[in-house]
Every structure is written in structure tokens, then in C-alpha cells.
Amino acid sequence: MQKARTIQNPVDRVGGIRATEAARPLVQVLADTSDKLSSVRSILEEKFTVAGERLDADSRLTQVPSAIVVRAELRDIDNIAAIKKRAGKLAKARKRIFLLEHTSHVGISQAYALGATLVLPGTVNRIKLLAALTDPPDGATAPSGGAKQPDNAVETAATAIASMFMSVTLGQPLDVDGTRDAGRQIADRITQHGLSEWLMTVRRHHEGTYQHCLLVTGVAIDFGLSLGVGRADLERLYTAAMFHDIGKAQIPLAILDKPGRLDAEERAMIETHPAAGFAFLKGHDKISPEILDAVRHHHEFLDGSGYPDGLCAESIGDIVRILTISDIFAALIEHRHYKPTMPRNDAYNILCGMSGRLEKALVRSFKQVALTR
Ligand SMILES: [Fe+2]
Ligand SMILES: [Fe+2]
């Protein structure tokens, strides 16, 4: 845990804090209304020294806080401008948590573009917010206050996923190279630290669809490494994994991240995503046919019961089979605030119970990835 810095002039009130409160870590709250400001303050004040300020006021804080919490409507360009104006100070805080009420792909992407290290969508959850602020930052061995970001691979990858979703939503060009580079960084990180560390870090920092994409990519990489695939195939695999659910950009987050069962109409809408992703990426000169195939067919099963094309075994390629297993496993073990996280062992048993739909030998090879790596 980073120690609070000593206030230079003890008689000053700094951004609304008394110097005597400085023993606890300093958290700055930025909000676009007084109501939002005071509700976040009241959550944080039990554990932290809190400096709050409205985005439409002049910035008063003279210290570098250990964390910044932003609660503002990011569809409002004045708010975005006000946050950008404070970008220098924001970048120095090791944790930059954005609380978004009106969640959308664009909102979440916007938060990452503004420097968020964590985005918590939905109603403000006191326990989750306090936990996020109290958790030691990943890579806590890095010198405190240093310029190095604590969690580069996760941030780079999350930003890449977010900007991919934003490009689709806004009809902007897709950064294929940037997305592939982010996938390579995940591969490097998993080669160095193993899969478990990646799963833990991602689940602690991300919710919903972005978390899912990051988990699938990590699992697919580790599965590929364990199978001893060559460099070119590993690159195909992580690129396919990064892009596999890009078609979900057209589906409202309210459906994608809905707790509990989907009704028939919602399910039908979700099932449009492989074909939508394929349509979006088709014709892009940097997307190879193997990636297109994986994006379109990652929900197909060997017995023809999958979608969108009801393919059978012989038409489903190796990269797709690896991706499908990784996708199902990652979906089972993802962390959602409304349900307990499924142990890896239980998730693997579910895969074993899908014989006929998944390749048996491949599921057997997946065992060490699922349970031990
Ligand atoms: Fe999918
Ligand atoms: Fe998926």
C-alpha cells in the first residue's frame, strides 16, 4: 500500500482536506454533480482521506493522490474536457477508477481513453469500490510513485478491446495492428508469469464483456503454448481470441451483462454476434481468412448443434476448436459481482460433459491448462 505523502504546508487546507487527516491514503473524487460527489465521499471517508471536487470547478488539489475516483456522465463533452484538463494529475495517481452509471461500449471505451485503470459500470457498489481501492496494485513490486504503470499488459489489452468495440459502434477504422500487439503482450506476460496470474488480475480489474475477451485470450494463449503450437499459429490464436466477440459491439450491454437468464428474444439477439463480427471484419486487408473463420464459427459444435451455420466436425478447423474450448471455459470462470466465481475444476468438468460437441482429445489436452497451469 502506498503511503500518504506528507503535506508540505500543514496549515493549508488542500482541496478540502485538513492536514491532520493526511495519515490515511489520499483519494481524490471528481464528479459532475454535488449529489454524486457527496455519495462517493460518504463511501470513501470511512477508510481514506478524501478530497472532492466538481468537474466544473477549478482544480484545487496540490498533492498527488494515491487514487482518483471519477463519477461523471461521459456522454457530456464538457465533462470529458474537464477530465482532460486534469490529465496530468490523473496520470500520476496509481489507480484511476471510473464509476459509470449509464454503461455502454462507448462510455467504457471513453473511460479507458481518458486513462481509467478500472471501470466499474452500473450502480455504485460500496464493497467493490472499497476493495478496488484497497487492493494492492498489480506489479506492486514496482517502485512506488515511479513512472512505470503497474499493470501494462492488462491496461494495454483492455484499452485495445475497448477501442475495438468503440470503432465498431462509431463506424471508425479498426486498429488491427494495435489489437494484435496487445495480444502479443498478453502472450509474453503469460509465458513469463503463467495463466493463473493473468486470470486473477483480469477478474479483479474488469467486468463483463471486456473481462471475457481478456480471459478468453489468456486461456487460448496458454492452451496454444501447452499444445506447443508454433509462433505463427499462436499469433493467429491470440488475434482470433481478441476479435472473437467483436460482433457483440452491436448488442446493448444491458443484454450482454444481464444477470440471470435471457429470454428467447435476447438469446436470439446474442446469437447474431458471430455473423455480425464476421461481416464487420470481412474485407479488412489485415484480417486473415483463419481469423474470419474463427470469429464466425467459435460457437459451432462438432455435432452440428452450434450457430450460426450449424457446421459439423470436418468443417471446423483447429484454431476454431481451440478457441471454442477456451471461450466456454473462460465464460464459466469469469467473475461477476452477482454470482460466485466457478472453480476451474468445476468448469473443466462441464467441458468434459460436452462430449460429442467438443473434440474429446482436445478437451483431454486442455486439462492441465484448466487445472494446473
Ligand atoms: Fe462469442
Ligand atoms: Fe466469447
**OP:** Would you kindly state how much longer the chain becomes between Cys312 and Ser34 on full extension, computed as 0.36 nm times their sequence separation minus their alpha carbon distance, in nm to one decimal?
**Re:** 94.3 nm
Original post:
Going by alpha carbons, how many degrees (0 to 90, nearest 10) lie between the helix axis of 195-205 and the longest principal axis of the chain?
Top reply: 50
Original post:
In a GNM of the chain with a 10 Å cut-off on Cα contacts, which of Gln110, Gln192, Gln63 has the highest mean-square fluctuation?
Top reply: Gln192
Subject >> Relative contact order (%) - criterion: Cα under 8 Å, at least six apart; region: the chain >> reply: 10
**OP:** With everything on Cα atoms, drop me the angle between helix 318-333 and the longest principal axis of the chain, reported from 0 to 90° to the nearest 10.
**Re:** 40
Original post:
Excluding ligands and nucleic acids, what accessible area in Å² is computed for Ile251 using a 1.4 Å probe, to the nearest 10?
Top reply: 0
**OP:** Calculate for the chain the 222 nm mean residue ellipticity that helices alone would give, adding -39,500 (n - 2.57) per DSSP H run of length 4 or more and normalising by residue count, nearest 500 deg cm²/dmol.
**Re:** -15500 deg cm²/dmol
**OP:** Quote the FRET efficiency, to the nearest 0.05, computed for Ile350 versus Asp175 with a Förster distance R0 of 45 Å and r equal to the Cβ-Cβ distance.
**Re:** 0.80
Subject >> Spin-label model distance (nm) - Ala268 vs Asp58, 7 Å beyond Cα toward Cβ >> reply: 5.9
Original post:
Antiparallel as a % of all DSSP beta bridges within the chain, to the nearest 5?
Top reply: 10
Original post:
What angle, in degrees between 0 and 90 and rounded to the nearest 10, separates the Cα long axis of helix 231-243 from the longest principal axis of the Cα atoms of the chain?
Top reply: 60
Original post:
So, in nm, how far is label Lys85 from label Thr341 when the simple model puts each one 7 Å beyond its Cα toward the Cβ?
Top reply: 4.0
Original post:
What size of dipole, in debye to the nearest 20, comes out for the chain about its Cα centre when the only charges are +1 on Lys and Arg C-beta atoms and -1 on Asp and Glu C-beta atoms?
Top reply: 1460
Original post:
Which value, in debye to the nearest 20, gives the size of the charge dipole of the stretch 29-126 about its Cα centre, when Lys and Arg are +1 and Asp and Glu are -1 at the Cβ?
Top reply: 480
Subject >> Leu118 - accessible surface, heavy atoms, 1.4 Å probe, Å² rounded to 10 >> reply: 10
Subject >> 1.4 Å probe accessible area per residue over the stretch 152-371, in Å² >> reply: 42
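The values are calculated or read from the model by the stated rules, or taken from the named source; none is laboratory data. Here the structure is a predicted model, which is why all the values come from computation and not from measurement. Reconstructed Cβ throughout: ideal geometry from the backbone, glycine too, with neighbour counts over all protein chains shown. Quick note on the areas: whole protein, heavy atoms, side chains included, nothing else; ligands and nucleic acids left out. Shrake-Rupley method; radii C 1.70, N 1.55, O 1.52, S 1.80 Å.
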